[in-house]
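Undergrad: This is the structure, below, for whatever I ask next.
The values are calculated or read from the model by the stated rules, or taken from the named source; none is laboratory data. What you are looking at is a predicted structure, and each value in this text was computed from that prediction instead of being measured. For neighbour counting, all protein chains shown are included, and Cβ atoms are generated from backbone atoms with ideal geometry for every residue, glycine included. Quick note on the areas: whole protein, heavy atoms, side chains included, nothing else; ligands and nucleic acids left out. Shrake-Rupley method; radii C 1.70, N 1.55, O 1.52, S 1.80 Å.
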Amino acid sequence: MADDKDVLRDVWFGRIPTCFLLNQDEVTEREAEPYYLLLPRVSYLTLVTDKVKKHFHKVIRTEDAEEMWFEYEGTPLKWHYPIGVLFDLHASNTVLPWSITVHFKNFPDRDLLHCPSHSVIEAHFMSSIKEADALKHKSQVVNDMQKKDHKQLWMGLQNDKFDQFWAMNRKLMEYPTEDGGFRFIPFRIYQTMSDRPFIQKQYRPVSPEGNVHTLGDLMKAMYPVALSNEGEPKRFQVVIHGIEPLLETPLQWLSEHLSHPDNFLHICVIPVPSD
């Protein structure tokens with residue numbers, strides 16, 4: 001892969017200043033102070049909030065504390081989506097710090113998956129990596145790895161170790177030069193306006209005629225509504241990691257450099273903010 005290590009580093013170390021507030025309906029023994037954290041965009045809420053749980057457990061009775069879950073302006077936040085995706089999808093036009101409400105009861109079973117332990121997050125993360133490699137290399141790379149290699153990917157994410165993670169993830173980003181890219185690009189397109197969780201289909205980085213596919217080509221094929229016609233006012237932003245990449249950017253480059261640690265390119269389509 002192209003050695004644009006600074007881009008990989010910037011993506012990995014992206015942070016969102018966040019204020020966690022206890023839901024007002026929770027019964028507390030004394031007033032609950034808010035808790036502030038810089039959340040890593042590439043991680044998962046339930047992986048980085050042990051300190052939040054500990055902080056609020058001090059003020060609520062143990063018997064009242066059920067499974068912790070999070071909500072932003074009435075929307076339960078899906079822990080199995082990367083933090084950056086949740087922010088871009090629901091809060092990208094909010095004033096920072098991002099204000100998240102913490103709950104310890106009335107878990108919304110219909111909206112959220114339960115997450116009783118870090119091993120559940122690890123299983124979800126590894127299944128995403130395997131799914132991505134099935135698309136990219138027919139699973140050949142991930143199947144050639146040993147169990148300790150899989151563990152190194154997970155520990156790199158869990159402990160926020162960029163070098164440890166990328167020493168192994170590099171292998172998942174390689175491809176034969178003559179192929180011009182991966183077999184298919186692992187991507188998911190999210191929109192707030194849809195009941196569908198996301199769009200995910202097979203899409204190649206290069207056309208049968210040998211033309212390089214771009215982000216604009218992908219959007220035109222998968223979600224043309226996101227693009228404005230010439231002369232029309234722009235209605236939507238196409239956002240990856242909080243930025244709007246140029247629509248002319250080659251998909252293969254984006255997949256190598258702006259994928260999340262789960263090896264998927266997570267793309268959010270959000271309405272242009274009205275002034």
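Undergrad: Can you tell me how many residues within segment 45-68 are among the hydroxyl-bearing types (Ser, Thr, Tyr) and surrounded by fewer than 19 Cβ atoms within 10 Å (Cβ to Cβ)?
TA: 1
Undergrad: Next question. Among residues belonging to segment 12-44 that are in contact with a Leu (Cβ under 6 Å, 6 or more places away or on another chain) and under 30 Å from ASN169 (Cα atoms), point out the one that is surrounded by the fewest Cβ atoms within 10 Å (Cβ to Cβ).
TA: PRO17
Matching residues to (1) open to solvent by less than 10 Å² (accessible area, probe 1.4 Å); (2) aromatic (Phe, Trp, Tyr); (3) within 17 Å of THR18 (Cα to Cα):
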site	(1), (2), (3)
PHE70	yes, yes, yes
PRO76	no, no, yes
HIS80	no, no, no
HIS90	no, no, yes
VAL95	no, no, yes
THR101	no, no, yes
PHE104	yes, yes, no
ASP109	no, no, no
LEU112	no, no, no
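Undergrad: If TYR190 passes every condition in (1) in contact (Cβ under 8 Å) with a residue 12 or more places away in the chain; (2) open to solvent by 20 Å² or more (accessible area, probe 1.4 Å); (3) among the hydroxyl-bearing types (Ser, Thr, Tyr) but one, which one does it miss?
TA: (2)
Undergrad: Turning to a different aspect of this structure: For segment 175-221, give me each residue that is among the polar types (S, T, N, Q) and modelled with pLDDT of 95 or more.
TA: Selection gives GLN202, THR214.
Undergrad: When segment 163-187 is examined, which residues are found to be open to solvent by less than 60 Å² (accessible area, probe 1.4 Å) and within 19 Å of LEU218 (Cβ to Cβ)?
TA: Scanning segment 163-187 gives MET173, GLY180, GLY181, PHE182, PHE184, ILE185, PRO186, PHE187.
Undergrad: Further question on the same structure: Within segment 113-124, can one find any residue that is in contact with a Pro (Cβ under 8 Å, 6 or more places away or on another chain) and not basic (Lys, Arg)?
TA: no
Undergrad: Here is a follow-up. Considering only residues of segment 223-275 that are open to solvent by less than 60 Å² (accessible area, probe 1.4 Å) and hydroxyl-bearing (Ser, Thr, Tyr), which is nearest to ILE16 (Cα to Cα)?
TA: SER259
Undergrad: Another question about this same structure. Could you grab the pairs with beta carbons closer than 8 Å, sequence gap of 6+ or different chains, first residue in segment 152-181 and within 30 Å of ASP50 (Cα to Cα), second one in a loop (DSSP other than H, G, I, E, B) and of a type in the set (Gly, Ala, Ser)?
TA: LEU157/SER43; ASP160/SER43
Undergrad: For the list (1) open to solvent by 20 Å² or more (accessible area, probe 1.4 Å); (2) modelled with pLDDT under 95, I need the number of the one condition that LYS130 fails.
TA: Condition not satisfied by LYS130: (2).
Undergrad: In segment 88-102, is there at least one residue being of a type outside the set (Gly, Ala, Ser) and touching a Gly at 6+ places or on another chain (Cβ under 7 Å)?
TA: Yes, segment 88-102 contains a residue that is of a type outside the set (Gly, Ala, Ser) and touching a Gly at 6+ places or on another chain (Cβ under 7 Å).
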